[in-house]
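Here the structure comes first, spelled out in structure tokens, and everything after it is commentary.
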């Protein structure tokens with residue numbers, strides 16, 4: 001049975017702090033970071049892929065950061081990609097505390113003629 005529209009504000013009021021605490025807790029679990037270009041260290045709007053997890057995380061366009069939720073106490077292979085740049089892969093170990101920083105610096109791709 002679904003609550004009526006008039007009851008939603010009451011439900012929100014009763015559960016607001018629990019929902020905000022859940023979001024704050026989940027935001028601290030996983031890997032987060034930024035993707036930079038090696039030719040000037042400017043942030044890049046790229047993607048992060050984690051081996052064994054069937055999804056790509058796109059770095060936000062506004063501040064070019066990413067966050068991926070991961071189970072704590074695990075080892076993960078993380079790959080950063082951006083159009084026009086060589087991808088880079090690194091292994092991270094996520095401690096029981098549950099969060100780690102994973103910044104990437106990508107090199108531009110160079111075509112065979114060097115242009």
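Bear in mind that the values in this text are calculations on the coordinates, not laboratory data. The model shown is predicted, which means the values in this text are computed figures rather than measured ones. A quick note on method: Cβ atoms are made from the backbone with ideal geometry, for glycine too, and the neighbour counts reach across all protein chains shown.
Please give the FRET efficiency for residue 65 paired with residue 111, using the beta carbon to beta carbon distance and R0 = 35 Å, rounded to the nearest 0.05.
Here the calculated transfer efficiency is 0.75.
If r is the Cβ-Cβ distance from residue 9 to residue 101 and R0 is 30 Å, what FRET efficiency results, to the nearest 0.05?
Calculated value: 0.20.
Of the DSSP beta bridges with both residues in the chain, give the percent that are antiparallel, rounding to the nearest 5.
About 75 percent, rounded to the nearest 5.
Using per-residue counts of other Cβ atoms within 10 Å, averaged over each peptide, order 78-85, 67-74, 2-9 from highest down.
Ranking, from highest mean packing down: 78-85, 67-74, 2-9.
For segment 30-106, just the Cα set please: Rg and Dmax, both in angstrom.
11.9, 36
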